[in-house]
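The values are calculated or read from the model by the stated rules, or taken from the named source; none is laboratory data. Values in this document were obtained by computation on a predicted structure and should not be read as measured data. All Cβ positions, glycine included, derive from the backbone under ideal geometry; neighbour counts span all protein chains shown.
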Amino acid sequence: MPAAIPGIIKSRVITQWLQGHSRDDIARSNNISTGAVSNIINEWTNALGRYEADALRELAKSLKTAHLSPAQCAIGFRTMKVLSDQGIDGETAEYIISDTYKKCNSLGIAPSKVVTYIEDIIKFSDNIRLPEIEDYINQKIAKKTELEKELQELGDEISILEEQKSELEKGRDLALEQKRKATEEMKSYFDVKKNYLNIIYL
């Protein structure tokens, strides 16, 4: 009586069969006979149902050809379900996803950023309705232009004040120089006068 085939081997046989491998390839990779492979597959399909088993195999082969994993397929299904719930048919949904991806790619926007940007737009739209965004932006541009004009005017006023300050400093320095000269002249005058008086009284 042949030894029982371990459950892990049976599971691998079913997985490989669903992936589209031939019975001969499955037998070789698992070191069992093709008859054992057939028995495992027949046992599994009889338990599941021939139609369902064949459908699963065709699905697995299609996923393999498309280089998709079951997890990716599930994500795609959930995405289509969300769009379908919004009344968007499959063809339109495919166009939206494809077109959005292409445009994001051309703008250098990573897919991981798209959700963040959408969240930002939603938060922004809590205060500003989307149709009002253009007017809001124009108002901000006008305000920016006004502030830049005021800043330029302040810059001009500062330049004028600096020029006036420079002129005042020059005037102050000139007055101080004149005062210094006048002080020296007066000192010289008093020294001469003092010497003159000393000579007279001597």
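Of all residues in region 97-108, which are at pLDDT 75 or above and either in contact with a helix residue (DSSP H, G or I) (Cβ under 8 Å, 6 or more places away or on another chain) or assigned to a helix (DSSP H, G or I) (or both)?
Those that are at pLDDT 75 or above and either in contact with a helix residue (DSSP H, G or I) (Cβ under 8 Å, 6 or more places away or on another chain) or assigned to a helix (DSSP H, G or I) (or both): SER98, ASP99, THR100, TYR101, LYS102, LYS103, CYS104, ASN105, SER106.
What residue, among those in region 19-58 that are modelled with pLDDT under 75 and in contact with a helix residue (DSSP H, G or I) (Cβ under 7 Å, 6 or more places away or on another chain), is surrounded by the most Cβ atoms within 10 Å (Cβ to Cβ)?
ALA53
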